[in-house]
1. With charges only on Cβ, +1 for K and R and -1 for D and E, what is the dipole size of the stretch 44-86 about its Cα centre, in debye, rounded to 20?
2. Equivalent-ellipsoid semi-axes (√(5λ), Cα gyration tensor) for the stretch 1-51, whole Å, largest first?
3. At 7 Å along Cα-to-Cβ for each site, give me the label-to-label distance between residue 8 and residue 66 in nm.
4. Can you pull the percent of the chain's accessible area that's carbon plus sulfur, 1.4 Å probe, other chains left in place?
5. How many nm separate the modelled label positions at residue 56 and residue 73, each set 7 Å beyond the Cα in the direction of the Cβ?
6. Going through the DSSP H helices of the chain, which span 24 Å or more along their own axis at the Cα atoms while scoring at least -1.0 as a mean Kyte-Doolittle hydropathy?
7. Given DSSP loops and a limit of at most 11 other Cβ atoms within 10 Å, what is the longest stretch of the chain that contains no such trypsin sites (Lys or Arg not before Pro)?
8. Heavy-atom accessible area per residue, the chain, 1.4 Å probe: how many Å²?
Amino acid sequence: MKVQNLQTIKDVQKFFEHIVYDLGINFHIDTPFSDYIDIITNKAMMSKSEAIRYEIMMGKAIDICNAEGVDEYEMGLNVLESFINA
């Protein structure tokens, strides 16, 4: 997934789903990606460069949500809840 791919609310939804379903991260909008640690290996979930890229993407996602009047926290929570209930 690339930053330029984030252009719509639907893209943001897919980005959040990617974080939860593909990366296995129980994320929070305000938590830097460099803070996520694999509980089994006790190592960072991603490299520094990956974390920076995801931070940039999260910033873009938040900008899109704000421009569209969508609550990014609610959207993130809904993705997490759908994962838990799946």
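1. Dipole size: approximately 280 debye.
2. 22, 12, 9
3. Result: 2.3 nm between the two label points.
4. Working: 2930 of 5600 Å².
Whole-percent figure for carbon plus sulfur exposure: 52.
5. So the label points at residue 56 and residue 73 sit 2.8 nm apart.
6. Details: long enough: 48-68 (30 Å, -0.12).
Both cut-offs are met by 48-68.
7. It runs 44-86.
8. Per residue, the chain has an accessible area of 65 Å².
The values are calculated or read from the model by the stated rules, or taken from the named source; none is laboratory data. These figures come from a predicted structure and were not determined experimentally. All Cβ positions, glycine included, derive from the backbone under ideal geometry; neighbour counts span all protein chains shown. Surface areas here come from the heavy atoms of the whole protein model, side chains and all, with no ligands, DNA or RNA. Shrake-Rupley method; radii C 1.70, N 1.55, O 1.52, S 1.80 Å.
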